[in-house]
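Please read the structure below before turning to the comments.
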Amino acid sequence: MGSIYVVRHAIAEERDGERWPDDASRPLTADGEERFKRAARGLRTIVPAVGVVLSSPYVRAWRTAEILCEEAGWPPPKRAELLEAWRSPSDGLDLLKENAAYSSIALVGHEPYLSRFVSLLLTGDDSKVRTDLKKGGVVHVEDGVLRWYATPKVLRL
């Protein structure tokens, strides 16, 4: 399976049906974007490269993935509908199979999908491991082993 980096999107605007009738259009806040830029630069020191970045097409996740490209030097994101917020975590396994040629994969998406996906990777069950994945946080799983979890605050240091 190799290295998998699970990245929750950065801080987004609050839900507002009048401003964003389609929640997929809800963007990052200006502060969330700036904070994640600093976090991505910190992440670059820990993980200087990945093989591919797959992102939910939702605006907030996509922009987070673009920031990883701009600030961490990771590849430009590829659209992955299987990372949309409403999907089942098992859909993420299909993404891993489709991208098995890469030795490292970054997935950018949403909660609770990502925490459930991490549980699935670690135990084969999406509800056995509970994770509090902060917005802009990153979990590294390698060959079914949790290697580390970094909050955005740690990454900014």
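Odds and ends about this structure:
- Selection count where residues are touching a residue at least 40 places away in the same chain (Cβ under 8 Å) and either open to solvent by less than 50 Å² (accessible area, probe 1.4 Å) or in a helix (DSSP H, G or I) (or both), scope segment 112-149: 12
- Residue within segment 8-25 that is surrounded by fewer than 19 Cβ atoms within 10 Å (Cβ to Cβ) and touching a strand residue (DSSP E or B) at 6+ places or on another chain (Cβ under 7 Å) present: no
- R19 in contact (Cβ under 8 Å) with a residue 60 or more places away in the chain, touching a Lys or Arg at 6+ places or on another chain (Cβ under 9 Å) and either more than 21 Å from Y113 (Cα to Cα) or in a strand (DSSP E or B) (or both): no
To keep it simple, each residue is scored yes or no on (1) crowded, with 16+ Cβ neighbours inside 10 Å; (2) at pLDDT 95 or above; (3) under 14 Å from I105 (Cα atoms).
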residue	(1), (2), (3)
A40	yes, yes, no
I46	no, yes, no
V52	yes, yes, yes
W74	yes, yes, yes
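- Residue check for R60: in a helix (DSSP H, G or I), open to solvent by 40 Å² or more (accessible area, probe 1.4 Å) and in contact (Cβ under 8 Å) with a residue 24 or more places away in the chain: no
- Among the residues of segment 31-54, just one is within 21 Å of R79 (Cα to Cα), in a helix (DSSP H, G or I) and touching a Phe, Trp or Tyr at 6+ places or on another chain (Cβ under 9 Å), namely A40.
- Residue identified as modelled with pLDDT of 95 or more and open to solvent by less than 20 Å² (accessible area, probe 1.4 Å) among L93, L83: L83
The values are calculated or read from the model by the stated rules, or taken from the named source; none is laboratory data. Note that this is a predicted model, so its numbers are computed, not measured. Quick reminder, even Gly has a Cβ in these numbers, built from the backbone with ideal geometry, and neighbours come from all protein chains shown. Keep in mind that these areas ignore ligands, DNA and RNA; they rest on the heavy atoms of the full protein, side chains included. Shrake-Rupley method; radii C 1.70, N 1.55, O 1.52, S 1.80 Å.
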